[in-house]
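The values are calculated or read from the model by the stated rules, or taken from the named source; none is laboratory data. Treat the numbers as computed from the prediction; the structure is a model and nothing was measured. Cβ placement follows ideal geometry from the backbone for every residue including glycine, while neighbour counts extend to all protein chains displayed.
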Amino acid sequence: MHLPRPPRRRHAAWAAAALTATALAAGALPAVAAATPSAEATPSALVAAKVDPSLRGAVAEGEAATFFVVLKDQADLSRARKQRTHAARAKAAFTELRAKAADTQAPLRSFLDRKKVGHQDFWIANALRVTGDQRLVDELAARPDVASVVREQHYSLDPVETAGAQVTASRAKPAGPASAASAVDDGAVPEWGVADIHADQVWKEYEDRGEGIVVANIDSGVQYDHPDLVANYRGSRGDGSFTHDYNFYDPTGQCGADGTPCDNNGHGTHTMGTMAGAGGIGVAPKAKWIAAKGCESDQCSDASLLAAGQWILAPTDREGRNPRPDLAPHIVNNSWGGGVSTFYQDIVEAWNAAGIFEAFAAGNDGDGRTCSTTRAPGAQAPSYGVGAYDAAGRIASFSGFGPSPVDGSAKPNISAPGVQVRSAWPGSAYNTINGTSMATPHVAGAVALLWSAAPSLIGNIDATRALLDEGARDVDDTRCGGTPGRNHVWGEGKLDVLASVEKAPHTAATVSGKVTDGATGAGLPHITVTATDDSGTSRTVTTGADGFYRLPLAPGAYAFSFGGYGYATGTAADVTLAESQAFTQDIALTAVASHRVSGTVRDVTGKALAGATVALDGTPLAAVTTNAKGRYVFTAVAEGSYGFTVKPTAPVLCNGVHTGTASVGGADLTEDVRLPNRTDAAGNSCAPAAYQWTAGTKKVALSGDEDAATIALPFPVKHYGVAYSSASVTTNGLVGFLSPRVGDYANTALPAAGPNGVKGVLAPLWDDLTIDRKSSVRTATTGVRGSRTFAVVWDGAAYANGAPGRSSFAVVFDEATGAVTFQYKSVADRGAGATVGIADQSGADALQYAYDQPVIADGSAVRFTQGAK
């Protein structure tokens, strides 16, 4: 049995969270009640109540802090909840959330722009990330459109309980509770947790391993090519090639500029292995998976978690652009949290409205005795929080107990295996560790099995939770309240996915068959089978090594297609599937001819580009590199249409990435490419420009090693869409549009979004420079109104560390076009220790020309053109 949950409402959860810690410390009511002001409250008291007490303390001494400004007006997601399919729900939620944010944030953005305050804007929670002092905090809190002002926090990955932990390099299982008796079809023995929740029985009795379902995690990343994860990574083409766009996202920047998935902690690889790993470690080994790296390592910043939360609802390419809500996962696992102050509730509500099932760890703050030790977000009413137990059936000593310390709701919701859990680990290894982190992916994987077996449940969050609750095995433990069937130690009890699947509506039709080579009859592996219903919603599976596939589908009309490298795409006649129908759809595909594909790659100026990487996406062919003349060749490419990607290698400079299509038909193909200009997210681009030195005439009051001065601009200058009439200039080769900066002697790569990141700047030559008696910084204005130029000129700047040589360079603003040109008269060491580029006011977006690379030639110039913003 289970207790009813409080009604779920979308609201400005951050406003309540800002008061939670204070209310709890005083023994007050939960945060939701405490956030409601009394009738006698004065206007000033109401304003003060909007501010997170920890933020108030952080800015009390005149220091700046990073915080979030949360708007009162929230999106109405009722229309999204009414949509019939998962893809339609995600699209409707995304559209409404982004539209609401664009509309309601506009006045606040204008206010911050006038104040010269950078901001990073989010649509999933209708909030802006800002850095400022107490005065700015008070001004923002006084605005009628602001619900709360909350200090930025860092959350922890659910700490790994390492008693008995071990890392192994092979699939051999350790002795003890990590072993199980039964074997799966491939001969692997399911881990004890997989067997304890009866997932292996679902595999056998229902032939269900999560086919057609996409799972995700927000974690420390995932080793995408781990032997037990690579086959069902959605970005794997099954032929040794990968596409990471829409399949992996790293807002932390820890994985490198090219966006290749990584895991610098191990936690994310482990949780993904338990959800969807092969070899007996995963609950749903045939589900596809994608991932967002929302945690820098073992810590997760608000900004990264919010960006990851948005990506889950609307995946993007690796640059964070071109969102596709139709590619949202079905399920997302979250094994992180932190205390009682969190604003993630709005994200959870958005996911639920979009039909994305979320599972959260209840936390490892328990001691086996104390109640109310669950932690948010898993402790919040809208979240499905998971506790942990061991192989002997005992609640884990670290598992958090309810009721929720955040809002008093019944927590945890359910419990799952979380002690001595063996799963994947970076380095193609395995680790056996403990934590509610390890329990939670058992639940996420169970939902994948449930939704695969009963596709009519996909996107129905309430019905799915009810089935998990009803299937759970009760444990009578009322030490923290509740009933034997629903208490604050175990929640609904022990997860039992077999019982939940048995209680599900068994209306699904099952389509299965074999894909073969039309000439030889051999089974074809890694062929993508796509079933598309009459609403345009598609589900896909890939064939196994023997060419067989299986796909459960809700009753309805479907069109089928079959595609893989080296074969013409096959289609089958449309079919209408009835409830519980078993339908066989075999198909033989025809092999196609192969042809030569070659061409020349040129840079943005039209010169042949050596060292560029050319890839035919969707083929198993290895990428090739252009020679000294910019030439490349693929000797044999099967007929078909493929993604065609050309990337410059370092130094990248202003060369962008070419993405297009190569259609290989009945003859050899010549595909010449001229790389586009690089752009940032705002659409700013750069290109080499004509060198034209401008001598400075008016001296700027700058001298010494670390100095900054504010100068007036003769005409308004736009930077990332915001017009400025003044700017700050530093000895270290920076022009800034926010507060004057000193002490930025240590250059970094751009963007740099941290609390001390350089934001709202132009960096013609950011290095540790000094202005001595032999050098100066001057300005000059030329031309007539409407077509003037304004130059800031560093003449003979020396290096503070005494390195030989001096540098003369300039920033030139163009009134007519809004473009900015960096001019280089002479640069010591060709800029080998400098950062060159531009960065937006939040530090989240930038266009970097060079970082510690000797690429600046004397008598050269680089022009940055304004984008759409």
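Things to note:
- Identity of the residue in region 681-699, among the aliphatic types (A, V, I, L, M) and within 24 Å of residue 858 (Cα to Cα), that ends up surrounded by the fewest Cβ atoms within 10 Å (Cβ to Cβ): 690
- Against the test of being hydroxyl-bearing (Ser, Thr, Tyr), surrounded by fewer than 23 Cβ atoms within 10 Å (Cβ to Cβ) and not in a strand (DSSP E or B), the options 456, 500, 512 yield a single qualifying residue, 456.
- Counted as qualifying within region 130-220 are the helices (runs of 4 or more DSSP H) with 2 or more residues that are within 30 Å of residue 509 (Cα to Cα), touching an Asp or Glu at 6+ places or on another chain (Cβ under 8 Å) and at pLDDT 95 or above, namely 199-206.
- Residue list for region 382-405, restricted to those being under 15 Å from residue 334 (Cα atoms), among the small types (Gly, Ala, Ser) and either assigned to a loop (DSSP other than H, G, I, E, B) or not assigned by TED's automatic domain parsing to the domain that holds residue 439 (or both): 383
- Residues satisfying the stated conditions in region 275-294, i.e. in contact with a Cys (Cβ under 7 Å, 6 or more places away or on another chain) and among the hydrophobic types (A, V, I, L, M, F, W, C): none
- Residues of region 632-664 satisfying the condition of being in contact with a Gly (Cβ under 9 Å, 6 or more places away or on another chain), at pLDDT 95 or above and over 29 Å from residue 847 (Cβ atoms): 633, 638, 639, 663, 664
- Test: residue in region 774-783 that is touching a residue at least 40 places away in the same chain (Cβ under 8 Å) and of a type in the set (A, V, I, L, M, F, W, C): yes
- When 495, 467 are checked against the criterion of being surrounded by 21 or more Cβ atoms within 10 Å (Cβ to Cβ), under 18 Å from residue 442 (Cα atoms) and either assigned by TED's automatic domain parsing to the domain that holds residue 574 or in contact with an Asp or Glu (Cβ under 9 Å, 6 or more places away or on another chain) (or both), 495 stands alone in meeting it.
- Filter result for residue 391 (over 29 Å from residue 244 (Cβ atoms), surrounded by fewer than 24 Cβ atoms within 10 Å (Cβ to Cβ), touching a strand residue (DSSP E or B) at 6+ places or on another chain (Cβ under 9 Å) and of a type outside the set (Val, Ile, Thr)): yes
- The residues listed here are 674, 678, 741; of these, the one that is among the basic types (Lys, Arg), within 40 Å of the chain's Cα centre (by Cα), buried (at least 16 other Cβ atoms within 10 Å of the Cβ) and modelled with pLDDT of 95 or more is 674.
- Set 605, 576, 600: member being buried (at least 17 other Cβ atoms within 10 Å of the Cβ) and farther than 24 Å from residue 520 by Cβ: 600
- Among the residues making up region 579-629, those that are over 35 Å from the mean Cα position of the chain (by Cα), over 29 Å from residue 665 (Cβ atoms) and free of Cβ contacts under 8 Å to residues at least 60 places away in the same chain are 607, 628.
- In region 782-866, counting only strands (runs of 3 or more DSSP E) that sit wholly within it, the ones holding 2 or more residues that are closer than 30 Å to residue 303 by Cβ span 820-826, 835-839, 846-851, 860-865.
- Close contacts from region 684-710, counting a first residue that is without any contact (Cβ under 8 Å) to a residue 12 or more places away in the chain and a second that is of a type in the set (A, V, I, L, M, F, W, C) and crowded, with 19+ Cβ neighbours inside 10 Å, with Cβ to Cβ under 7 Å and a gap of 6+ residues or different chains, come to none at all.
- Among (1) surrounded by fewer than 15 Cβ atoms within 10 Å (Cβ to Cβ); (2) modelled with pLDDT under 95, the one test that residue 757 misses: (1)
- Among residues of region 221-237 that are in contact (Cβ under 8 Å) with a residue 24 or more places away in the chain, those with a Cβ under 8 angstrom from a residue that is acidic (Asp, Glu) and buried (at least 24 other Cβ atoms within 10 Å of the Cβ), sequence gap 6+ or separate chain, pair up as 221/250; 221/263; 222/263; 223/263.
- Residues (hydroxyl-bearing (Ser, Thr, Tyr) and touching a helix residue (DSSP H, G or I) at 6+ places or on another chain (Cβ under 6 Å)) located in region 350-383: 383
- Residues that are over 31 Å from the mean Cα position of the chain (by Cα), within 16 Å of residue 563 (Cβ to Cβ) and touching a residue at least 40 places away in the same chain (Cβ under 8 Å) within region 512-548 comprise 513, 514, 515, 516, 517, 518, 524, listed in sequence order.
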